[in-house]
Number of protein chains: 2
Amino acid sequence: MKFRRSERLIDMTYYLLEHPRELVSLTFFSERYGSAKSSISEDLGILKETLEQRGMGTLQTIPGAAGGVKFFSKVKEEDARAFIKELCQQLEKPERLLPGGYLFMTDLIGNPQIIHKIGKLLGSAFSEIEIDVIMTVATKGIPIAYATAAHLNVPVVIVRSDSKVTEGPTVSINYVSGSTKRIQTMVLSKRSLKEGSRVLIVDDFMKAGGTINGMKSMLAEFNAEVAGIAVLVESEHAEERLVEDYISLVKLRDVDVKKKEIKVDEGNYFTKNIHFI
Amino acid sequence: MKFRRSERLIDMTYYLLEHPRELVSLTFFSERYGSAKSSISEDLGILKETLEQRGMGTLQTIPGAAGGVKFFSKVKEEDARAFIKELCQQLEKPERLLPGGYLFMTDLIGNPQIIHKIGKLLGSAFSEIEIDVIMTVATKGIPIAYATAAHLNVPVVIVRSDSKVTEGPTVSINYVSGSTKRIQTMVLSKRSLKEGSRVLIVDDFMKAGGTINGMKSMLAEFNAEVAGIAVLVESEHAEERLVEDYISLVKLRDVDVKKKEIKVDEGNYFTKNIHFI
């Protein structure tokens, strides 16, 4: 069966979007479509140009016999700015304010379009870094971790606060919550993380960073390495932050419970991410 | 700026994949690419044919002034059969067996390619049914719920076993776990579900169906409606099942802890889903 260029481009777009950061050989496409490699090369040229122009991502060509192409999910800086601005406006709505200065974000994290974009922004910042696994903590970090994983094409492991029979043997550690100073426990299934893995830690919210510090201690138990830290929201915190090197999309600046006012700014995303298209 | 057909097709593929079940007008595409509607119509014809041929999904054309196209994420029956067969083989590996006859599935649910396919299969079975929201219960149901939501383009709400300060006011119900007969509690944020919503209940594992029954009771508290029930694994259960109408991808048939043997068959997916491409 022979494929026309238009059909090949549609199928290639779909295929590459589902396999980011995976090396796909020209032979694979050439056999898939019954087309000459020279035609495939031309297709990929058109694809790369359009992906970049439209802010979808980029293609990297690896030359040689073992070569091929890799798709990287990336964003344009202007698209990222527009999305983060929208996120700030959404989060500043006074009805989000909960007792204790917490913010209601469940609706945003529950929205598939928003979570997809959050994942794309976080994923694209780490797209050129070697990452084997994404780690997060139940419950709110999970959607963000999976959304990011879809763009990086790596598995997700979930740390929990209780151990479940369906996890098998677990490793448990104690950590100190940064803001409340309470001692807490987190648990990870022993089978879920290989020694030496390079891990991207993802979470929805970071105050002092106690939970993320806990995940770092957990990684040490598995002889695994922190490859990066990414959060959706960081809150400005008077006390010393326990975590230094991280990327945040937005920053919660002032929460005035009396006046029902919330001030949300962009996070450090644009100073930390230099990997735009 | 004018776009060539090849560029339009790449961008349309990307756009429609990110906006399943959303009505997109011809005017939208025509303005996006500076192209005549007649060209857009031709593009959509090519797109529909290729999407269907390659098992990606289908396009539905709505005629008239308020018309346009809708993309539905769908699977071919042969692709679904191949994937479910692979899933069964994966699940039958004896090293998955945990004390109590439970199965270790964390690695499968953590794999972004597998979770994407699970979501596609479940989503495509419900693609033509009116659904407003997907509901699941923390923790293991969450990735499956989001993966399904990405194909149906609806938000996810998460029921928890404890209430968190960051959820705001909650509704709490008690339910009886079907297999252990223990009374348990589940909690849902009041803001997260509108009255009258049509809800698809999604979970990773169903034994007698107590948890799913609990979610049904929760929906009743919100005056919301069950639009469907979808699980990854159902286990064969001697006692009466509490839930009748559901879709499952695989069925856990025999677990012999002594012999370390697990028998996994396909679920009722092919008798319940008639919406293949």
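The values are calculated or read from the model by the stated rules, or taken from the named source; none is laboratory data. Source: prediction; values computed, not measured. Positions of Cβ are generated from backbone atoms using ideal geometry, with glycine treated the same way; all protein chains shown enter the neighbour counts.
Given the criterion surrounded by 21 or more Cβ atoms within 10 Å (Cβ to Cβ) and touching a helix residue (DSSP H, G or I) at 6+ places or on another chain (Cβ under 6 Å), identify the matching residue among A:V250, A:V231. Give the derivation first.
Numbers: A:V231 fails: touching a helix residue (DSSP H, G or I) at 6+ places or on another chain (Cβ under 6 Å).
Result: A:V250 is the single residue among A:V250, A:V231 that is surrounded by 21 or more Cβ atoms within 10 Å (Cβ to Cβ) and touching a helix residue (DSSP H, G or I) at 6+ places or on another chain (Cβ under 6 Å).
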Matching residues in region A:24-57 - criterion: being crowded, with 16+ Cβ neighbours inside 10 Å and more than 14 Å from A:M12 (Cβ to Cβ)
A:R54, A:G55
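So, B:V226, is that one buried (at least 22 other Cβ atoms within 10 Å of the Cβ) and either free of Cβ contacts under 8 Å to residues at least 60 places away in the same chain or in the same structural domain as B:Q53 (by TED's automatic domain parsing) (or both) or not? Can you show your working first?
Numbers: buried (at least 22 other Cβ atoms within 10 Å of the Cβ): no; either free of Cβ contacts under 8 Å to residues at least 60 places away in the same chain or in the same structural domain as B:Q53 (by TED's automatic domain parsing) (or both): yes.
So B:V226 fails the test.
For A:K272, are the conditions met, namely being at pLDDT below 95 and in contact with a strand residue (DSSP E or B) (Cβ under 6 Å, 6 or more places away or on another chain)?
Numbers: at pLDDT below 95: yes; in contact with a strand residue (DSSP E or B) (Cβ under 6 Å, 6 or more places away or on another chain): yes.
Criteria met by A:K272.
Touching a residue at least 12 places away in the same chain (Cβ under 8 Å), under 30 Å from B:S189 (Cα atoms) and not basic (K, R): which single residue out of A:V154, A:V133, A:V165, A:V159 fits that description?
Working: A:V154 fails: under 30 Å from B:S189 (Cα atoms); A:V133 fails: under 30 Å from B:S189 (Cα atoms); A:V165 fails: touching a residue at least 12 places away in the same chain (Cβ under 8 Å).
After applying the criteria, what remains is A:V159.
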Can you tell me which residue among B:I46, B:I62, B:I40 is within 14 Å of chain A (Cβ to nearest Cβ), under 24 Å from B:L152 (Cα atoms) and without any contact (Cβ under 8 Å) to a residue 60 or more places away in the chain?
B:I46
Is there a residue being modelled with pLDDT of 95 or more, within 17 Å of B:T136 (Cβ to Cβ) and assigned by TED's automatic domain parsing to the domain that holds B:T148 anywhere in region B:257-268?
no
Of these, B:V133, B:V165, B:V154, which one is under 25 Å from B:G214 (Cα atoms), in contact with a Phe, Trp or Tyr (Cβ under 6 Å, 6 or more places away or on another chain), facing chain A (nearest Cβ under 10 Å) and not small (G, A, S)?
B:V165
Of the criteria (1) in contact with a helix residue (DSSP H, G or I) (Cβ under 6 Å, 6 or more places away or on another chain); (2) surrounded by fewer than 22 Cβ atoms within 10 Å (Cβ to Cβ); (3) hydrophobic (A, V, I, L, M, F, W, C), which one B:I134 fails
(2)
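Can you confirm whether region B:147-165 contains a residue that is polar (S, T, N, Q), under 17 Å from B:A220 (Cα atoms) and not in a helix (DSSP H, G or I)?
Step one: of region B:147-165, the residues polar (S, T, N, Q) are B:148, B:153, B:161, B:163.
Then drop every residue that is not under 17 Å from B:A220 (Cα atoms), which leaves none.
Checked against the condition, which is being polar (S, T, N, Q), under 17 Å from B:A220 (Cα atoms) and not in a helix (DSSP H, G or I), region B:147-165 yields no hits at all.
Given the criteria in contact with a Lys or Arg (Cβ under 9 Å, 6 or more places away or on another chain), within 13 Å of chain A (Cβ to nearest Cβ) and in contact (Cβ under 8 Å) with a residue 40 or more places away in the chain, does B:G55 qualify?
Values: in contact with a Lys or Arg (Cβ under 9 Å, 6 or more places away or on another chain): yes; within 13 Å of chain A (Cβ to nearest Cβ): yes; in contact (Cβ under 8 Å) with a residue 40 or more places away in the chain: yes.
Taking the combined requirement at face value, the residue satisfies it.
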Residues located in region B:178-200, provided they are within 11 Å of chain A (Cβ to nearest Cβ), over 14 Å from B:K216 (Cβ atoms) and surrounded by 16 or more Cβ atoms within 10 Å (Cβ to Cβ)
B:S189, B:R191, B:S192
Answer from A:S179, A:S127 - the residue that is assigned to a loop (DSSP other than H, G, I, E, B) and either free of Cβ contacts under 8 Å to residues at least 24 places away in the same chain or in contact with a Pro (Cβ under 8 Å, 6 or more places away or on another chain) (or both)
A:S127
Is it the case that A:L121 is farther than 22 Å from B:L108 by Cα, more than 7 Å from every other protein chain (Cβ to nearest Cβ) and crowded, with 23+ Cβ neighbours inside 10 Å?
yes
Can you tell me how many residues within region A:176-213 are aromatic (F, W, Y) and over 19 Å from the mean Cα position of the chain (by Cα)?
0
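Checking the structure you have, find out if any residue of region B:37-46 is β-branched (V, I, T) and either part of a helix (DSSP H, G or I) or more than 25 Å from B:I131 (Cβ to Cβ) (or both).
Checked region B:37-46: at least one residue is β-branched (V, I, T) and either part of a helix (DSSP H, G or I) or more than 25 Å from B:I131 (Cβ to Cβ) (or both).
Acidic (D, E) and within 8 Å of chain B (Cβ to nearest Cβ): which single residue out of A:E95, A:E7 fits that description? Please lay out each step first, then the result.
On the way: A:E95 fails: within 8 Å of chain B (Cβ to nearest Cβ).
Answer to the check: A:E7.
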